[in-house]
Structures are given as C-alpha cells and as structure tokens.
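One structure below.
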C-alpha cells in the first residue's frame with residue numbers, strides 16, 4: 001500500500017492507496033512541534049480506523065510546503081513504515097516542464113496538482129487550489145507549467161477581519177442568501193464568499209485572455225465546492241487532485257510497488 005501526504009500551511013491531507021483504489025483519506029491540522037514518535041502514533045491510529053496495520057505500507061510520497069516538519073515526517077516513515085519516503089522536490093521526475101524564471105521557487109503542491117490534472121483531464125488547464133493561499137496554476141496543452149497567480153486564501157482573509165477588527169465576529173464560510181447583507185454576519189459572508197467567487201471569475205477571465213485554446217478550469221482544496229456553487233468559471237471540482245498527483249509522481253520515480 002502507498003501512503004501519500006500533502007503538507008500544507010494549515011492542514012495536512014493523507015491518502016492511502018491499495019493499487020488504483022483510494023481506501024482511506026484524512027485531513028489533520030499541520031503543526032511543527034510534533035515529534036516523529038507522536039506522528040507515528042497518530043498515523044497508526046488513522047490507519048487502525050480502517051483496519052490497516054503500519055506494516056502494510058510499502059511506500060510513502062510527501063509533498064510539503066512546511067520545511068520545519070519534513071525531518072519528522074521522513075523519520076516517521078523510516079521508523080513506523082520501514083520505508084524511505086519520496087519527497088517532492090528538485091531531482092524528482094514529474095514529467096512537468098516548468099516554464100518560469102526560477103523552477104526551484106515553484107511549490108511542491110502546485111507541481112503535484114498540475115501533474116494530476118494533466119493525467120486526469122488533459123490540457124490546457126487552469127487549476128485553482130483553495131488552501132491557506134489561493135493558487136492559480138496555468139498548464140498548456142503540451143503539459144507545460146506556464147506560471148500562475150497567488151492570492152490570500154479565504155480563511156486567511158476571514159481570520160484577518162476577526163483579528164484586526166475588534167467588533168467583527170468569526171463566521172462560518174457558507175454562502176449567504178443575498179449579496180446585500182442585513183446583519184454583520186451576512187455582510188461578512190457576502191464579502192468573503194461572493195467576493196472570492198467574483199475574484200476567481202475575474203482572474204480566470206484574465207488568464208484565459210493570455211492563453212491559447214479553451215482551457216478547462218479545475219478547482220481543488222477545502223472550499224472549492226463552496227466557491228464553485230456561487231461562481232461561474234469553475235468547470236470541475238476534484239477534492240482529491242493532490243493525492244492523485246502524489247501517487248502519479250511516486251509511480252514515475254519507482255517501480256510502482258504499492
């Protein structure tokens with residue numbers, strides 16, 4: 001079995017593959033203070049919830065944008081799963097051509113998403129990942145990563161309102177019934193949800209104007225479904241896109257044993 005991990009600034013998403021089948025997936029809070037021993041216990045508990053023993057894991061593949069936790073993750077793979085993890089980074093075969101000023105600056109999560117999107121849907125593509133930051137990745141029909149856009153994420157903006165405006169409350173990020181809010185909560189929801197949906201639609205329109213062909217717009221990440229329902233530009237929502245990309249890259253760099 002193959003265990004894949006996408007370590008983001010806010011959450012870490014794990015997936016367990018048995019051959020072609022995703023048999024388990026989990027989302028946990030990303031923290032930098034856990035030791036490899038603590039992580040080993042946590043991962044073993046998650047696997048136990050679907051009756052899988054750590055000894056059943058044959059391979060691990062990790063995408064991380066949080067360098068402080070990487071050593072602990074590598075150690076837990078060695079100690080708990082008795083395997084050397086494949087860390088997404090320079091030197092790893094992806095099949096993706098990076099057409100940018102400095103390929104080393106491109107986040108591992110963006111590379112993984114692009115690889116999965118090309119294999120699953122074909123290019124040209126605009127990939128929108130709703131995470132701590134909202135990333136737009138542009139992929140050509142020839143499988144080339146041309147660049148993109150980075151914006152503050154929705155939750156990050158919501159937190160900024162709460163933390164910097166003394167009288168504004170935290171709100172659940174669900175679409176309001178109307179654009180014009182009648183109370184503080186609906187005002188905030190309208191600004192965040194409708195505002196972000198319109199931002200996505202506007203940026204997609206600008207990106208398309210600079211691309212050839214008619215790219216599909218693919219969304220992933222925690223709030224992808226929410227924004228897709230109120231926006232007009234998103235064609236496909238794939239919440240498991242990053243996990244699929246990790247598995248694809250693992251297979252490109254190994255004999256595919258899982």
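In the chain, the DSSP-assigned H stretches of four residues or longer account for a calculated mean residue ellipticity at 222 nm of -10500 deg cm²/dmol, using -39500 (n - 2.57) per stretch and the full residue count as denominator. Expressed per residue, the C-alpha convex hull volume of segment 206-253 stands at 102 Å³. Highest mean packing comes first when the peptides 226-239, 44-57, 162-175 are listed by Cβ atoms within 10 Å, giving 226-239, 44-57, 162-175. Average projection, convex hull of the Cα set of the chain: 14.9 square nanometres. For the chain, the longest principal axis of the Cα atoms and the long axis of helix 195-209 meet at an angle of about 80 degrees. Please check which bits of segment 20-54 a label hung off residue 66 would reach, taking the label as a point 7 Å along Cα-to-C-beta and the cut-off as backbone N under 19 Å. The answer is 25-47.
If the viscosity is 1.002 mPa s and the temperature 20 °C, what translational diffusion coefficient in µm²/s does Stokes-Einstein give for segment 139-216 when Rh comes from Kirkwood over Cα pairs? If you can, show how the numbers build up before the last one.
Numbers: Rh = 14.7 Å.
The estimated diffusion coefficient comes to 146 µm²/s.
Three principal axis extents describe the C-alpha atoms of segment 97-244; from largest down they are 49, 29, 27 Å. Relative contact order of the chain: 19 percent, from C-alpha pairs under 8 Å at least 6 residues apart in sequence. Placing dummy labels 7 Å off each Cα toward the beta-carbon, the span from residue 160 to residue 92 is 2.9 nm. Panel values: segment 2-87, Kirkwood radius from alpha carbon pairs, Stokes-Einstein at 20 °C and 1.002 mPa s, translational diffusion coefficient 169 µm²/s. Extending 7 Å from Cα along the Cβ direction at residue 58 and again at residue 37 yields two label points whose distance is 3.2 nm.
A short reminder: the numbers here are calculations on the coordinates, not readings from a lab. Here the structure is a predicted model, which is why all the values come from computation and not from measurement. We place every Cβ from the backbone using ideal geometry, glycine too, and count neighbours over all the protein chains shown.
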